[in-house]
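Worksheet: the structure to be examined is printed underneath.
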Amino acid sequence: ASWSMVAARRHGLDVTNMGYSGSARGEIPSAEEIAALPADVITLAHGTNCWTRIPFSTGMFREGLIAFLDIVRQGHPDTPIVAVSPITRPDAEATPNRLGATLVDLRAVFEDVVNERIAGGDTRLSLVEGFPLVTPDQLDDGIHPGDAGHAAMAAAIGPAVDAAVADT
């Protein structure tokens, strides 16, 4: 089961999982859909597909994430948001994509944008750093977490979601 479903069962939450299986990279229509959905808490977790499938530069990724968060906040000005940066992906960590960004670079941009918003006063936003959540041996194919990886992610992200909901 996915980390979101494991965490939801463990913490008594109902989930609308909008995971796109590598088919989304923070597009505005997705942000608009999230902004329109009722939610007690929102978890935004970026995978590693911005590195390769449709590559992003760090500038593209930064501006896209800022716009995405702006739109979600328009629909949910007071809803807690737990943002999870990309997990490890050994083949992408230090290898530049076609636009020159490594996964280390993209993860740093994600974390910088979230931390800047928190420092700027978004007290309902929190960050879970994705890199330490899983180990390479918990990636079934070197990219995607297996059962142990999803369990490890749920063990870390679930309490962050609980804490965000408890603050409401």
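Database remark: amide H of VAL84 closer than 5 angstrom to the amide H of LEU44, ALA45, HIS46, VAL128 (H placed geometrically; neighbours at sequence offset of 5 or more, or on other chains; Pro and chain starts carry no H). Helix-only arithmetic for the chain: the sum of -39500 (n - 2.57) across DSSP H runs with n ≥ 4, divided by the residue total, places the mean residue ellipticity at 222 nm at -14000 deg cm²/dmol. Only bridges whose two residues both fall in the chain count here: according to DSSP, what percent of them are antiparallel, nearest 5? Within the chain, antiparallel bridges account for around 10 percent of the total. Looking at the range 78-168, the trypsin sites (Lys or Arg not before Pro) that sit in a DSSP loop and have at most 11 other Cβ atoms within 10 Å of their own Cβ are ARG98. The range 10-68 and the range 96-155 have Cα centres lying 12 Å from one another.
Considering only THR58, THR48, THR123, the mean-square fluctuation computed in a Gaussian network model of the chain, springs between alpha carbons under 10 angstrom, is largest for THR123.
Return the Rg/Rh value of the range 57-168, two decimal places, where both radii are evaluated on C-alpha atoms and Rh is the Kirkwood radius.
In the range 57-168, Rg relative to Rh is 0.99.
Around the Cα centre of the range 86-168, unit charges on the Cβ atoms of Lys, Arg, Asp and Glu (plus for the first two, minus for the last two) sum to a dipole of about 200 debye.
Sites listed here are trypsin sites (Lys or Arg not before Pro) in the range 26-77 whose DSSP assignment is loop and whose Cβ has at most 15 other Cβ atoms within 10 Å: ARG53.
Shown in residue order for the range 103-118 are the 3J(HN,Hα) couplings computed by the Karplus curve 6.51 cos²θ - 1.76 cosθ + 1.60 at θ = phi - 60°: 5, 4, 4, 5, 4, 4, 4, 4, 5, 5, 4, 5, 5, 5, 5, 4 Hz (x for Gly and Pro).
The order of ILE71, ILE54, ILE28, going from fewest to most other C-beta atoms within 10 Å of their C-beta, is ILE28, ILE54, ILE71.
Quick note: the coordinates plus some simple rules give every number you see, no bench work behind them. Predicted model only: the values in this text are computed from it and were never measured. Note: ideal-geometry Cβ built from the backbone for every residue, glycine included; neighbour counts use all protein chains shown.
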